[in-house]
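**Student:** Questions regarding the structure given below will be posed in turn.
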Amino acid sequence: MNGLNEKHKPPRDQAAIWVEDLTVAYQDKPVLWDVDLAIPKGVLMAIVGPNGAGKTTMIKAMLGLVDPVAGRVEVFGKPFREQRRLLGYVPQRTSVDWDFPTNVLDVVMMGRYGTLGWFRRPGKAEREKAMHALEKVAMDPYADRQISQLSGGQQQRVFLARALAQEAEVYLMDEPFQGVDATTERAIVDLLRELRKQGRTVVVVHHDLQTVPDYFDWVFLLNVRRIACGPVETFFTEENLRLAYGGRVAILGERKPIADDAKSL
Amino acid sequence: MNILTDINFDYTLRIVALGSAILGALSGALGAFAVLRKQSLIGDTISHAALPGIAVAFFFTGNKTTTILLIGAALSGWLATLFILGIVKATRIKLDSALGLVLSVFFGFGLVMLTFIQKRPDANQAGLEKFLFGQAATLLAADVQMMAILAGVAVLALMLLWKEFKLLSFDEDFGATQGFAMNRINLMLTTLLVVAIVLGLQTVGVVLMSAMIVAPAAAARQWTDKLSTMVLLSAVFGVAAGVSGSLLSSRIPKLPTGPTIVLCISTVVLFSIFVAPARGLLWRWLRRRRNRRQFRAEAVLLDLMDMARHHPNLEHPHAAAVLHTLNLDGRAVRNSLAELAERELVRPAGAGLWSLTQAGIAEAQQLERRFQAED
């Protein structure tokens, strides 16, 4: 393992999420292989890597949605099963059927279901929290809208609001920037920064390498194995990208330095 | 000839209608979830797979009591769902193939058992084949009572677990992150579905039962965008089909009840698909036609404007024939010009010539601005 990497690893009980020896396999091929990861509290972290690198699986494993072959995940020093309430999940927008007969407010209120527990119905308090979450993503005028009538960007913001309604400590987002309009992209970035200001930890699967230095302060490069993890300025380097993406990052190399490029925008 | 007095006086009809109503309500309500979860065909598999359960239950107990046969049906339907889930999980066979596989194997085995039992020298075996297509007339008051109790329990469970079932149907993974044991919720919903299907077997039969699961829900989805309304409406459609099917088959001789109920619900589906507001095909078709006409008229107006720009006077007339070459379809151009003339945006200048009016020029300029803004 890279010695520099180790220096940036927070102690186990101070990490928001702490992953050890995580290996996940579907069928006969490992999707994640022996991944160690320690995410410090309060960072905005991007998970980057080529297609099929296991980014989504990484998030799902941290949420307990896939069974790892080996390894374990701790959240604030305890097994994640005891800390589920602290993890807010924003799945890929395309993972659900948006023709489902329900409205925006109803979807956002699902973020309160875990706190409500079995059998109890959402009431006024849940409605208020959901409205509040909708305001944060500027979707409150759409509370009564059928979800089938939303644009892609609006769908994404509804999913974000649903996670916000949960009032989690750590947010895990799977490609929230995928196929959204400029307004939504701006809204998401503002939201990420506000969450960081509140001391929340945010982990985002991200595809657009150009914007990594601009949007995030921490980066996790992944390609089945861990390539590197740490502050963006130290670890988001051409060499690490080449390690993660193989030859495919050559085009990006010409635009070096990426970080300066993005900042000058 | 009064249907209402028939219900009052004919005891058998009353039992049948009540039984069919309960079956319609329950299969409608639970079918809504099956349809929303894209599991319509699971209902079909469960109902077909119930047949061997009925045959085996009779084979081992020699008892023809409905309760015992239906317990057999439920167990076998249940086993089928376990097989489906197991096949999908353990092999590379996809859900649709797994459904087909399990359905045909179970149903085939059921038919073999049925034939075998019927060939036995036993006076008691007659009547099992009624479960193939259903025979509502054999419903007893005790059967309907049992249906009512089970349906009551199912409705109670549905109300209690409403939020959990909604979560399961919309976003199962998110539900798991909320700390719910989603496989347990799935188990409960599937169990309720099995109960709904089994309760319908005596009336509608294993072959047609899936229609009672899918059809009311598909019809209800056309009319509403709210889950609770959809479930309720689906149940209401189920009741309506159950009752009207029973009444029809009692009035017309030799009309079997089960298939008639299915035909009734099919009529509701057809009607809903075509005329339900917003989603109805008829309205969609009319909307599309109206939009196309409007776009075509706007295109003709803009073409006229383009040509007019070549002259100092914007109201300079141009030949409709030129517009044809620009728009390919002559009849469409004629219709569009007539429509524009009606709105007083263009006027005929004789000899197949048309010119813009002042209002037409203003409208064209506004359209141009709109298209530019959208670019």
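**Student:** Kindly report, to the nearest 10 Å², the accessible surface of residue B:82 as traced by a 1.4 Å probe over protein heavy atoms only.
**Tutor:** 90 Å²
**Student:** Mind listing which trypsin sites (Lys or Arg not before Pro) in the stretch B:304-354 are in a DSSP loop and have 12 or fewer other Cβ atoms within 10 Å?
**Tutor:** Values: sites: B:309, B:331, B:334, B:343; in loops: B:309, B:343.
Qualifying residues, ordered by number: B:309.
**Student:** DSSP loop trypsin sites (Lys or Arg not before Pro) in the stretch B:89-176 with at most 16 other Cβ atoms within 10 Å of their Cβ, which ones?
**Tutor:** On the way: sites: B:89, B:92, B:94, B:119, B:130, B:163, B:166; in loops: B:92, B:94.
Answer in residue order: B:92, B:94.
**Student:** Something else about it: Please go through the residue pairs A:124/A:197; A:197/B:38; B:94/B:166 and name each one whose alpha carbons sit more than 30 Å apart in this structure.
**Tutor:** Numbers: A:124/A:197 28 Å; A:197/B:38 42 Å; B:94/B:166 25 Å.
Correct reply: A:197/B:38.
**Student:** Based only on the alpha carbon positions, what is the Kirkwood hydrodynamic radius of the stretch B:283-374, in angstrom?
**Tutor:** 13.4 Å
**Student:** Kindly report, to the nearest 10 Å², the accessible surface of residue A:13 as traced by a 1.4 Å probe over protein heavy atoms only.
**Tutor:** Here the accessible area works out near 110 Å².
**Student:** Under 30 Å Cα to Cα from residue B:64, which lysines show up? Leave out anything in the same chain fewer than 8 places away.
**Tutor:** B:119, B:130, B:254
**Student:** Okay, next question. Would you work out the charge dipole size for chain B about its Cα centre, treating the Cβ of every Lys and Arg as +1 and the Cβ of every Asp and Glu as -1, and quote it to the nearest 20 debye? Before the final figure, lay out each step's value.
**Tutor:** Numbers: 33 positive and 24 negative charges, 86 e Å.
The calculated dipole for chain B is roughly 420 debye.
**Student:** Rounded to a whole number of µm²/s, how large is the Stokes-Einstein D of chain B at 37 °C and 0.692 mPa s, given Rh as the Kirkwood radius over C-alpha pairs? Intermediate results must be reported in sequence, preceding the final value.
**Tutor:** Details: Rh = 24.5 Å.
After rounding, the answer is 134 µm²/s.
**Student:** Could I ask something else about it? Let me confirm one metric for peptide B:164-174, namely the mean number of other chain beta-carbon atoms within 10 Å of its residues' beta-carbons. List each step's numbers first, then the result.
**Tutor:** Working: counts 3, 0, 6, 3, 0, 5, 10, 10, 3, 9, 17.
Mean number of neighbouring Cβ atoms from other chains: 6.
**Student:** In degrees, nearest 10, range 0 to 90: what is the angle between the Cα axis of helix B:11-36 and the longest Cα principal axis of chain B?
**Tutor:** Approximately 60 degrees, to the nearest ten.
**Student:** Separate question: Where does the Debye-calculated log10 I(q)/I(0) of the stretch B:172-262 sit at q = 0.16, 0.22 Å⁻¹, using only Cα point scatterers of equal weight, no solvent?
**Tutor:** Relative scattering, expressed as log10 I(q)/I(0), comes to -0.77, -1.11.
**Student:** How many partner chain Cβ atoms sit within 10 Å of a residue's Cβ in peptide A:93-105, on average, as a whole number? Mind showing how you got there, number by number?
**Tutor:** On the way: counts 0, 0, 4, 6, 6, 1, 3, 8, 14, 9, 3, 0, 0.
If you average over the peptide's residues, the count of other-chain Cβ atoms is 4.
**Student:** Give me the mean projected area, in nm² to one decimal, of the convex hull enclosing the Cα positions of the stretch A:80-206. Please list the in-between numbers first.
**Tutor:** Details: hull surface 30.9 nm².
Mean projected area of the Cα convex hull: 7.7 nm².
**Student:** Let me ask something additional. DSSP loop (so not H, G, I, E, B), at most 12 other Cβ within 10 Å: list which trypsin sites (Lys or Arg not before Pro) in the stretch A:107-137 pass both filters. Could you put the intermediate results ahead of the total?
**Tutor:** On the way: sites: A:112, A:120, A:124, A:127, A:129, A:136; in loops: A:120.
Qualifying residues, ordered by number: A:120.
**Student:** For the stretch B:1-115, what value does the Rg/Rh ratio take when both radii are computed over Cα atoms and Rh is the Kirkwood radius, given to two decimals? Provide the component values of the computation, followed by the final result.
**Tutor:** Details: Rg = 17.6 Å, Rh = 16.1 Å.
Reported Rg/Rh, Kirkwood definition of Rh: 1.10.
**Student:** On to the next question. Simple spin-label model, 7 Å along Cα-to-Cβ: residue B:97 to residue A:145 in nm?
**Tutor:** 4.2 nm
**Student:** Quickly estimate the mean residue ellipticity at 222 nm for the protein assembly as shown, helices only: each DSSP H run with n ≥ 4 gives -39500 (n - 2.57), and the total goes over all residues, rounded to 500.
**Tutor:** Values: 29 runs with 386 residues, N = 640.
Mean residue ellipticity, 222 nm, calculated: -19000 deg cm²/dmol.
**Student:** To the nearest 10 square angstrom, how much accessible area does residue A:119 have with a 1.4 angstrom probe?
**Tutor:** Spelled out: residue A:119, probe radius 1.4 Å, area about 110 Å².
**Student:** Dipole size in debye (nearest 20) for chain A around its Cα centre, Lys and Arg Cβ +1, Asp and Glu Cβ -1? Mind showing how you got there, number by number?
**Tutor:** Numbers: 35 positive and 35 negative charges, 125 e Å.
Dipole of chain A, to the nearest 20 debye: 600 debye.
**Student:** Calculated FRET efficiency, residue B:248 and residue B:118, Cβ-Cβ r, R0 35 Å, to nearest 0.05? Mind showing how you got there, number by number?
**Tutor:** Values: r = 30 Å, r/R0 = 0.86.
Given R0 = 35 Å and the Cβ-Cβ separation, E is 0.70.
**Student:** Can I ask one more? Express as a percent, rounded to the nearest 5, the fraction of DSSP beta bridges in the protein assembly as shown (both residues included) that run antiparallel. Show your work: numbers first, answer last.
**Tutor:** Working: 28 of 45 bridges.
If I count the DSSP bridges inside the protein assembly as shown, around 60 percent turn out antiparallel.
**Student:** I'd like the per residue volume of the convex hull spanned by the Cα atoms of the stretch B:123-185, given in cubic angstrom. Don't skip to the end; give the middle numbers.
**Tutor:** Numbers: hull volume 9.0 nm³, N = 63.
Convex hull volume per residue, Cα atoms: 143 Å³.
**Student:** Remind me, relative contact order of the stretch A:9-70 in percent, using alpha carbon pairs under 8 angstrom and six or more residues apart?
**Tutor:** Contact order relative to length: 36 percent.
**Student:** So if I average 1/r over every pair of distinct C-alpha atoms in the protein assembly as shown and take the inverse, what Kirkwood radius in Å does that give?
**Tutor:** The Cα-based Kirkwood calculation yields 29.2 Å.
**Student:** Per 0.36 nm of contour for each residue apart, how much would the distance between residue B:181 and residue B:255 grow if the chain were fully extended, relative to their Cα-Cα spacing?
**Tutor:** Numbers: separation 74, 0.36 × 74 = 26.64 nm, distance 4.67 nm.
Full-extension gain reported as 22.0 nm.
**Student:** For peptide A:80-89, compute the average count of partner chain beta-carbon atoms within 10 Å of each residue's beta-carbon.
**Tutor:** Counting Cβ atoms of other protein chains within 10 Å of each residue's Cβ and averaging gives 2.
**Student:** Mark the label point 7 Å from the Cα of residue B:105 along Cα→Cβ and return the residues of the stretch B:64-91 whose backbone N is within less than 16 Å of it.
**Tutor:** Zone members listed by number: B:76-91.
The values are calculated or read from the model by the stated rules, or taken from the named source; none is laboratory data. For clarity, every value in this text was computed on a predicted model and none was experimentally measured. Neighbour counts run over all protein chains shown; Cβ positions are idealised from the backbone, glycine included. Ligands, DNA and RNA are stripped out before the accessible areas are found, and what is left, the full protein with its side chains, is counted by its heavy atoms. Shrake-Rupley method; radii C 1.70, N 1.55, O 1.52, S 1.80 Å.
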